[in-house]
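What follows is one structure encoded as structure tokens, with my remarks underneath.
Rule-based calculations on the coordinates, nothing more; no lab input. Owing to the predicted nature of the structure, the values given are computational and were not obtained by experimental measurement. Note: ideal-geometry Cβ built from the backbone for every residue, glycine included; neighbour counts use all protein chains shown.
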Amino acid sequence: MRQDISRRRFMAYAGGLLAGAVGLGGCQTTRATKSSRPNVVLILADDLGYGDLGCYGCPDIRTPHIDRIAAEGVRFTSFYSNGPECSPTRTALLTGRYQHRVGGLECAIGTGNVGRYDDAIRLRETRDLGLPASETSIARMLKSAGYATGVCGKWHLGYEPKFFPANHGFDHWFGPIGGGMDYFHHRESTGERALYLNGRPVDREGYVTDLISEESVRFSGRNARRPFFLYVAYTAPHTPYQGPNDRPPDYLRESDYNKGTRDTYIAMVERMDDGVGAILQALRDHGIADNTLVIFMSDNGATKIGRNAPFSGNKGNVFEGGIRVPCVARWPGVLAPGTISAQACLTMDFSPSIVRAAGASSPRPFDGIDILRHVEAGGPVQQRTLFWRLRRGDWTRKAVRDGAMKYIVLDNAGKVQEHLFDLAADPQEKNDLCAGRPETVSRLQGLLKAWEDEVRPSR
């Protein structure tokens, strides 16, 4: 049955789910009592650009629900993804550490479980390409502290069952296993079934953005009377570019994935915002909105069809447009409404914040800072040193930001380009300072080399 659901009809449908959702897990439909430990809803968009939300100045996409999170909490203006592609950032988010420590996950896992650089290829040959269960996740930390844990949406951290969410502390998992799939037929470009429910392929009718939203509403309803951690990982607006009313007769092949228009992209982002609205409404209807920390972010910058303004570059590179992304968070009574933070921070900085908020503990140190504690304290912007490295095939892209200075290395099969920018004066990275600032280049090269030695993979 074709799912040509208008925005209004979808919101009505999602709202209707709320009435029955609490009964699915045997809970009563009474409103939940407030707990001293907040629920945590972590929402991750896929390939959404810095300038693709209304609260970040987007002129052509309506995102009232995400904008409301920003208005009722904090909006970050110097937030970076840990990597310029999917799998690296997701690894850092769940572990709270640089993804490079794991091995094989410096770039996205290819469709069908393909390794894309030497380390990943080696691990794929032994069926070890993915996030090992030994890499303690924040889901496991929160579960140990008594939280119900669920992931609704994209996984992309390993095709082998030993890498599935259940082995990382998630009680419930619904969503696609890999990087991208047809939004209606739920097939990867190879034709393989990609939609999973608790470790097994499943068939469901509908637009996958809606399915993720609906499953998230159900999960929050089932667990409204206990603290829960819900990781909502949308595939939107990742390729293939398919709006909610664009169902093709058959699943799309790889050659058609990048075909699309800005109008289609807009429809995809707005439908995701509708889903965010349904999740937020569920929290309100169950009486737990004031005791829930909600975080929304993107896993990397947008492709060329998206809007990374005012920055240059896009997904897959380490210029600002590939790694500086939108991030907003709402935590009533903790984060002051309307806060804007210019503190430079990374995806993995939210991991210690989430663990601390839940009263949980980590068996090992995080690489990031507790970014929400910094915002809560209202302290001044602190100078930080942040690092990136992406490998694919025979090329490597690296970057280090120290204060306002950013150094980039592009190594394409031994052909090296270097760039140096002052982000305070030149956020669009148009004025290369490399030739005139050799001492700064040398210093940043040393920082980058020391970091690479520190984060050598463990396997």
For this session: Quick one: compute the contact order of the chain, relative version, from alpha carbon pairs under 8 angstrom and 6+ residues apart, as a percent.
Result: 25
For this session: Evaluate the relative contact order of the stretch 270-392 (contact order divided by residue number), counting alpha-carbon pairs under 8 angstrom at least 6 apart; express in whole percent.
Result: 18
Seminar exercise, completed: Excluding residues fewer than 8 positions from residue 449 in its own chain, the lysines with Cα under 16 Å of it are 398, 406
Seminar exercise, completed: For the stretch 134-139, in residue order, the Karplus 3J(HN,Hα) values (coefficients 6.51, -1.76, 1.60; θ = phi - 60°; whole Hz; Gly and Pro = x) are 5, 7, 4, 9, 5, 4
Problem set entry | Partners for residue 259 among lysines (Cα-Cα distance below 22 Å; same-chain residues under 8 apart left out) | 154, 304, 315
Exercise. For the chain, what proportion of DSSP beta bridges, expressed in % and rounded to the nearest 5, is antiparallel?
Worked result: 60
For this session: Between residue 202 and residue 440, take the C-beta separation as r, use R0 = 41 Å, and let me know the FRET efficiency to the nearest 0.05.
Result: 0.15
Seminar exercise, completed: Here the Cα Rg-to-2.2 N^0.38 Å ratio for the stretch 388-454 is 1.09
Seminar exercise, completed: Labelled set (1) 82, 58, 46; (2) 66, 51, 45; (3) 66, 60, 39; Cα extents along the principal axes in Å computed from this model equals the value at (2)
Exercise. Ranked by Cβ crowding within 10 angstrom, fewest neighbours first, how are 351, 312 ordered?
Worked result: 312, 351
Exercise. Each residue of the stretch 165-179 in order: what ³J(HN,Hα) in whole Hz does its phi give by Karplus 6.51 cos²θ - 1.76 cosθ + 1.60, θ = phi - 60°, with x for Gly and Pro?
Worked result: x, 4, 7, 10, x, 8, 6, 9, 9, 9, x, x, 7, x, x
For this session: Out of all DSSP beta bridges with both ends in the stretch 388-454, state the antiparallel percent to the nearest 5.
Result: 100
For this session: Arrange the following residues from fewest to most other Cβ atoms within 10 Å of their Cβ: 46, 426.
Result: 426, 46
For this session: Determine the calculated [θ] at 222 nm for the chain from helices alone, applying -39500 (n - 2.57) to every DSSP H run no shorter than 4 residues and normalising by the residue count; nearest 500 deg cm²/dmol.
Result: -8500 deg cm²/dmol
For this session: Quote the relative contact order of the stretch 388-454 in percent (integer), defining contacts as alpha-carbon pairs under 8 Å separated by 6+ residues.
Result: 22
Seminar exercise, completed: Going fewest to most other Cβ atoms within 10 Å around each Cβ, 261, 339, 347 line up as 261, 339, 347
